[in-house]
Amino acid sequence: MTALARVLSHIDTDEVVELTRALVRIPSVYRPGDPDANEARVAAFVESWLRREGFEVETQDVAPGRPNVLGWIGEKTSGARSLLLEGHTDVVTEGNPADWSWPPFGADLVDGRIYGRGTADMKSGLAAAMVAAAAVKRAGALSRGKLVVGALVDEEGGMIGVRHLVNTPIGRELDAAIICEPEDNELCLEQRGVVWARLRARGRMAHGAMPEAGLNPITCLGAILREAPKLEKQLRKRCERSRYLRPPTVTPTIIQGPPAGIGVPQSNVIPAVAETVLDVRLTAGIDADGVRDELEQLCARAAAACPGVKVEWEPVNPFRLATRVDRSEALVRSMMRGVRQATGRPPKFGGVPGSTDGTVLRMELGIPIVTCGPGNRLIPHQANEFVEAAAIVDAAKIYAASALGYLEA
Ligand SMILES: [Zn+2]
């Protein structure tokens with residue numbers, strides 16, 4: 001029996017499915033201000049599972065109640081590699097439970113599908129990663145290198161978990177990462193980038209009956225919104241086309257005048273300040289300066305349309321540019337082979353419409369990342385979220401075969 005065959009024989013459908021269900025049944029929506037609504041319980045579950053399997057384990061306190069859990073086998077000796085199988089433990093809110101046909105945290109198994117919040121995004125991917133690494137360990141198949149399973153916090157928020165990881169020794173020594181997000185088990189070498197730009201118009205407060213006494217920043221927001229399609233056009237010109245990703249988009253997502261914390265809206269008051277947030281999605285080919293430059297120009301055009309009103313912008317959080325990894329990378333080659341070995345099918349390639357923790361790993365560490373995981377890419381954050389049990393098992397086998405190929409090379 002080859003080492004790979006031994007590893008695959010340790011991947012059991014029931015184990016992968018039941019581990020996914022156990023993770024889904026531990027709600028891990030982060031709700032600011034509620035000390036019980038965070039990743040703490042699911043992280044503790046992952047930690048004890050990894051310890052029981054004999055992994056080395058490190059927990060990293062990223063924020064109160066929000067620990068990263070890292071478990072690994074092997075070590076990174078000279079000339080050997082360290083590979084991360086990455087998942088996040090937080091999930092988005094279930095929304096209105098009445099919109100669900102199954103209890104959002106029940107993890108019901110119906111006709112080969114598991115239903116619940118986080119089934120696809122991404123407790124199944126995390127479970128597949130855990131079982132894959134455990135199978136490698138149980139088979140005693142790793143002769144060199146380090147295989148790390150990472151269960152990180154706050155991917156759905158500001159990504160503080162991965163931002164913390166990249167500044168720790170275990171993060172800094174990584175050579176590559178597989179991001180286990182739901183992508184139909186396709187190999188995604190490209191991810192769109194995202195910049196949230198807050199644009200603020202400053203005018204002068206006045207009575208609504210006497211607009212001539214003030215400068216209305218809300219009118220200026222209108223000018224900003226009219227200019228947004230031009231920004232989108234410019235970005236499409238400057239970014240490269242991709243077979244796997246939609247071109248750049250610019251979408252207004254928030255509009256407030258006056259913004260919360262700056263004033264209270266009143267029907268007869270022209271506020272001094274109004275703001276909008278543009279959700280800007282990018283493909284490769286533009287750098288941070290290029291994006292800044294385009295946003296400055298948009299502000300200048302909007303201001304020119306509203307004499308006297310000042311328009312400025314700031315990023316809501318650090319830029320996440322588009323990422324792309326070459327097919328010639330060792331990780332990609334190992335995964336292409338891994339998909340064939342694990343499923344008997346040729347690999348399919350795809351692209352990630354949004355950004356992931358992998359974006360931060362790629363930008364901060366410069367390492368190759370491939371996003372590949374079980375679950376339909378459109379299902380995350382919807383009611384009746386589900387994942388196919390068979391896809392989770394495939395993912396676990398793909399991770400195990402790819403990891404072995406990459407680390408043993
Ligand atoms: Zn996710």
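The values are calculated or read from the model by the stated rules, or taken from the named source; none is laboratory data. Because the structure is predicted, anything quoted here is derived from the model rather than measured. Glycine gets a Cβ as well: all are built from the backbone with ideal geometry, and neighbour counts include every protein chain shown. Ligands, DNA and RNA are excluded from the accessible area calculation, which covers all protein heavy atoms including side chains. Shrake-Rupley method; radii C 1.70, N 1.55, O 1.52, S 1.80 Å.
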Residues of segment 340-366 classified as away from the ligand (no atom under 15 Å from the Cβ) and either touching a His at 6+ places or on another chain (Cβ under 6 Å) or open to solvent by 10 Å² or more (accessible area, probe 1.4 Å) (or both), total: 15
Need the failing condition index for residue 223 against (1) assigned to a helix (DSSP H, G or I); (2) in contact (Cβ under 8 Å) with a residue 60 or more places away in the chain; (3) open to solvent by 10 Å² or more (accessible area, probe 1.4 Å), just the number. (3)
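Taking helices (runs of 4 or more DSSP H) that do not extend beyond segment 104-188, which have at least 2 residues that are within 16 Å of the ligand (Cβ to nearest atom) and over 21 Å from residue 332 (Cα atoms)? It would help to see each step written out before you state the result.
Working: elements: 124-138, 160-165, 169-172.
Correct list: 124-138, 160-165.
Could you tell me which residue of segment 367-378 is farthest from the ligand (Cβ to nearest atom), considering only residues that are open to solvent by 20 Å² or more (accessible area, probe 1.4 Å) and in contact (Cβ under 8 Å) with a residue 24 or more places away in the chain?
First, pick out the residues of segment 367-378 that are open to solvent by 20 Å² or more (accessible area, probe 1.4 Å): 376-378.
Going one step further and asking which of them are in contact (Cβ under 8 Å) with a residue 24 or more places away in the chain, we end up with 376-377.
Values: 376: 13, 377: 10 Å.
Per the criteria, the residue is 376.
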Tally time: how many residues in segment 189-220 are within 16 Å of the ligand (Cβ to nearest atom) and in a helix (DSSP H, G or I)? 0
Tell me, please, whether a residue that is more than 23 Å from the chain's Cα centre (by Cα) and either at pLDDT below 95 or among the aromatic types (Phe, Trp, Tyr) (or both) can be found in segment 44-62. yes
When you scan segment 1-100 for helices (runs of 4 or more DSSP H) that lie fully inside it, which ones turn up with 2 or more residues that are open to solvent by less than 70 Å² (accessible area, probe 1.4 Å) and touching a strand residue (DSSP E or B) at 6+ places or on another chain (Cβ under 9 Å)? 13-24, 40-52
Can you work out which of the residues in segment 226-258 that are within 19 Å of residue 310 (Cβ to Cβ) and out of contact with any strand residue (DSSP E or B) (no Cβ under 8 Å at 6 or more places or on another chain) is surrounded by the fewest Cβ atoms within 10 Å (Cβ to Cβ)? 226
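Filter segment 129-175 for residues that are on the phi > 0 side of the Ramachandran plot and of a type in the set (Gly, Ala, Ser); which is surrounded by the most Cβ atoms within 10 Å (Cβ to Cβ)? First the steps, then the outcome.
Start the filter on segment 129-175 by keeping residues that are on the phi > 0 side of the Ramachandran plot, which leaves 140, 145, 154, 159.
Now restrict to residues that are of a type in the set (Gly, Ala, Ser): 140, 145.
Values: 140: 11, 145: 22.
Out of the qualifying residues, it is 145.
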State whether one or more residues within segment 402-409 are surrounded by fewer than 24 Cβ atoms within 10 Å (Cβ to Cβ) and part of a loop (DSSP other than H, G, I, E, B). yes
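Looking at 345, 377, 327, which one is assigned to a loop (DSSP other than H, G, I, E, B), touching a helix residue (DSSP H, G or I) at 6+ places or on another chain (Cβ under 9 Å) and modelled with pLDDT under 95?
Working: 345 fails: modelled with pLDDT under 95; 327 fails: modelled with pLDDT under 95.
Only one candidate qualifies: 377.
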